[in-house]
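The values are calculated or read from the model by the stated rules, or taken from the named source; none is laboratory data. It should be emphasised that the depicted structure is a prediction, and the values quoted were computed from it without experimental measurement. Cβ coordinates were reconstructed from backbone atoms using ideal geometry, including for glycine residues, and neighbour counts include every protein chain displayed. Please note that ligands, DNA and RNA were not included when accessible areas were found on the heavy atoms of the full protein model with its side chains. Shrake-Rupley method; radii C 1.70, N 1.55, O 1.52, S 1.80 Å.
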Amino acid sequence: MRNRNFRILEYDKIIEALAGYASCELSRKKCLRLHPTDQLYEIQERQEETAAALARLYRFGNLSFAGVQDIRPLLHIAKIGGTLSSAELLDIARLLEVVQSAVAYTEESKTSDTLAQTDCIEHFFQELEPINDLLREIRRCILAENEFADDASATLKSIRKSIAATNNKIRTELNKIIASQKNQLMLQDTLVTMRNNRYCIPVKAEYKSAFPGMIHDQSATGSTLFIEPMSVVNLNNELTELAVREQNEIEKILMELTERVKFEEELLDANLTLLIDLDFIFARARYARSYEGTKPQFNEEGRIHIRQGRHPLLDAKKVVPIDISLGDEFTMLIITGPNTGGKTVSLKTLGLFTLMGESGLHIPAREDSELSVFDRVYADIGDEQSIEMSLSTFSSHMTSIVRILKNATPKSLVLFDELGGGTDPTEGAALAIAILSYLHGQQVRVAATTHYSELKIFALSTPGIENGCCEFNLDTLAPTYRLLIGIPGKSNAFAISQKLGLPSAIIEDARNQIDQSSMDFEALLSDLEASRVTIEKEQAQIQEYRAEIEALKKQTAQKQDDISKKKEQILKEARQEARQLLEKAKKDADESIRLYQKWVNNPEKANNKAMEQQRTHLRKNLDKLDRQLIEKPAKAKKKKASHTFAQGDYVYIESMGLEGTIVSNPDKKGDCHVQAGILKTLVNVADLELLEPPKEETNTPTRKPQQLNLRTGVSPEINLLGKTVDEALSMLDKYLDDAYLSHLHTVTIIHGKGTGALRSAIQSYLRTQSIVKSFRAGVYGEGEAGVTVVEFR
């Protein structure tokens, strides 16, 4: 029955998908054997392992276990005294290379992230034991399968050197024979060939007597004989002997390597087990990454809170996330709604998430989702929703329900699809209510789907049982696949029929066939649905307003921060300049004192004219410094009451030592905005003094920045939608100049999303403009990627 529930909830498909993320065959088999557990400590341990591996994947990239083979049979061969082949030794070498790679992976992660040193899978890496000596020796001796290095042993090197010399002697002798002019006509071809591992020459059959030696083969027509000349027979014999010696030496090398494997047998077996475990854990993490899975919280109180859950086997681009709650305020959920509206998917999501979570797999849902530990998950779902064929008649469904009722405990989760279906509606509804009442009395967690109105009323009238429905859009005649908890589903048969064109008279006659109480109940559901839609729209609007307010708050805080930084920078520069001026004055004074002291000590060298020149020079320098330290010319400053300051007044900001123009009337607190050059700041009128406005220069066509800001109406945004790149850049160039001269701090460029070509061109242009301090894409409430917000220097 357990395997049947797995098939119904498609847990077997999840496991098959998981196995596809394993790197080696052994861990792939381990994935296929993965089953849920009802032990909380084991579930939490599996979840922590998956989370730790997933964190490592995101931080340090993938770790491959490809190359890990089941070497346990090879270790057994070595243990009982057998000899491993070159291919088998290479399998062991590849495993040791994976060990080496895994150790290097964790060492690198520990140097760059302290979290990797303390996670729950670090001990797997720590227990790995690289056997580098054995790995180097295998790689030194064996170049590839059945290919051994000359340096594998000194004897092998000597033998191969002798083989090469003998080969050269044989070829030299045979080349003399085939190169001889008198032999040209007797040879079928002027080449040396091999027959039966012996060097031969091709001789025409009629000239065989001219070449004493051994005949090893002949052509298919018999016209050519392959003869080993007598002059090379001894050399070929020597070559054969050397080949036997070479093979014996190779066998000796293999035996020595096998002995080293036997010596490291326990370490090799332990490393294999650790690599299988690690690959199994990382397979779960790689699978979780593929569907953006998160670690759920687990409890043993039967509480389930799935938030934004997505069925992992459905298309991630199309699936609608759902919220499911059970076991907290209610222990039973009855879901109603139209066919193909998502009821069964909701049931399967609930059951499948429970099985996945208990298996240590992350679930595709929000991080704050919560699942409960159940001893068993039971499901009775019709064959039209199952991947495998299920029983579909009423009797077969009832047989399954009987098994569930016999085995379910208060620690079980039970899922019913269309409970009581397949028989008379009145009897089916009565049976469904009785079954649910029995399970409710046993405190079993149950989720069931139905079309029966009696079950909706049963849920409304029974404590601990809640209604739910799958939303249906009457305007589009299509389900939205959203699961709504706390609202019973409404029958939409009349509304759908009317929209599809069924005559009103027939619909009205159908309504008359239903008793008044049912009609009143449906009307109540309609009112509830309308109220819910209205509330949801208002809540969405409130959320938008909140987001806009938050964005404005952040923007205001950022502006205030920028003003504070600019103010501090101005004061810092002023202090630095004053310090430099005072330092210069000090140097001049020190120099003058030094000269006067020299003249005092040596009166005969004193020169009245020189002294007077020095005094004049010092006076001029001090006068010059005095003028530089005076920040503002003496002007008649008039105090003005706060209520008389108005927009357009030219004022002096005492705390900042700057002049500017009031650009907004003071509020009740006396605060107003003042534009001082490129700086726009919020100050209190108590910090202001009224100045006479500066006179305009009549002989110059330019205006002062403060007046330009007041007299030009440059908009804080420009709309470039529908423009070509050339048109847009031309308009933008002029607009940025006007906005900068008008002392706008930030402006917004509206270019739309589209293909992104216009946005890229605009942002490339902005990077070349010296007046642009920074720019960014719009945030929520500003237009997001459809606009670019520019900040001037």
Seminar exercise, completed: Sorting 333, 352, 321 by the position of each Cα along the dipole of segment 299-386 (Lys, Arg +1; Asp, Glu -1; all at Cβ), the one nearest the positive end of that ordering is 321
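Per residue, how much accessible surface does segment 234-287 expose to a 1.4 Å probe? Answer in Å², no decimals.
Numbers: 2510 Å² over 54 residues.
For segment 234-287, the per-residue accessible area is 47 Å².
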For this session: Starting with the highest mean, order 178-185, 8-15, 74-81, 561-568 by the number of other Cβ atoms within 10 Å, averaged over the residues of each peptide.
Result: 8-15, 74-81, 561-568, 178-185
For this session: Would you mind getting me the FRET efficiency between residue 39 and residue 208? Use the beta-carbon distance for r and R0 = 51 Å, nearest 0.05.
Result: 0.05
Problem set entry | Pairwise label distance in nanometres, residue 191 with residue 406, each label 7 Å out on the Cα-Cβ vector | 8.0 nm
Exercise. Extension gain residue 168-residue 437, at 0.36 nm per residue separation less the Cα-Cα distance, in nm?
Worked result: 87.2 nm
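Take every Cα pair under 8 Å in segment 295-373 that's 6+ residues apart, average their separations, divide by the length, and report that relative contact order as a whole percent. Spell out each step's value before the answer.
Working: 118 pairs, mean separation 42.8, N = 79.
That works out to 54 percent.
Given the pairs 680/773; 567/669; 318/537; 295/318; 157/262, which are separated by over 18 angstrom at their Cα positions?
Values: 680/773 16 Å; 567/669 22 Å; 318/537 23 Å; 295/318 23 Å; 157/262 26 Å.
The answer is 567/669; 318/537; 295/318; 157/262.
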Seminar exercise, completed: Under the 7 Å Cα-to-Cβ spin-label approximation, residue 737 and residue 504 lie apart by a distance in nanometres of 6.7 nm
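Could you calculate the contour length gain from residue 244 to residue 557, that is, 0.36 nm times the residue separation minus the distance between their Cα atoms, to one decimal place in nm?
Numbers: separation 313, 0.36 × 313 = 112.68 nm, distance 8.76 nm.
The span from residue 244 to residue 557 would gain 103.9 nm if fully extended.
Quick one: which of 13/348; 553/734; 348/406; 13/406 span more than 24 angstrom between C-alpha atoms?
On the way: 13/348 13 Å; 553/734 31 Å; 348/406 22 Å; 13/406 28 Å.
Result: 553/734; 13/406 exceed 24 Å.
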Exercise. Under 17 Å Cα-Cα from residue 208, which aspartates and glutamates qualify once same-chain neighbours fewer than 8 residues away are excluded?
Worked result: 189, 217, 228
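How would you classify segment 1-62 from its alpha-carbon gyration tensor, with a ≥ b ≥ c the square roots of the eigenvalues: rounded for a/c under 1.5, else prolate if a/b is greater than b/c, otherwise oblate?
oblate
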Exercise. Which of the aspartates and glutamates could a cross-linker bridge to residue 554, judged by Cα under 20 Å and excluding same-chain residues fewer than eight apart?
Worked result: 544, 562, 717, 782, 784, 791
For this session: Please give the net charge around residue 321, taking every other residue with its beta carbon less than 15 angstrom from that of residue 321, where Lys and Arg add +1 and Asp and Glu add -1.
Result: +1
Exercise. Rounded to the nearest whole Å², what accessible area per residue is found for segment 396-444 with the 1.4 Å probe?
Worked result: 44 Å²
Problem set entry | Separation in nanometres of the label points that stand 7 Å from Cα toward Cβ, at residue 12 and residue 473 | 3.7 nm
Problem set entry | Residue among 483, 455, 435 farthest towards the positive dipole end of segment 405-484, charges placed on Cβ | 435
Exercise. Over segment 735-783, what percent of the accessible surface lies on carbon and sulfur atoms, probe 1.4 Å?
Worked result: 55 percent
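Hey, what did segment 199-323 get for relative contact order, percent, Cα under 8 Å, at least 6 apart? Before the final figure, lay out the partial values.
Details: 77 pairs, mean separation 16.8, N = 125.
Relative contact order of segment 199-323: 13 percent.
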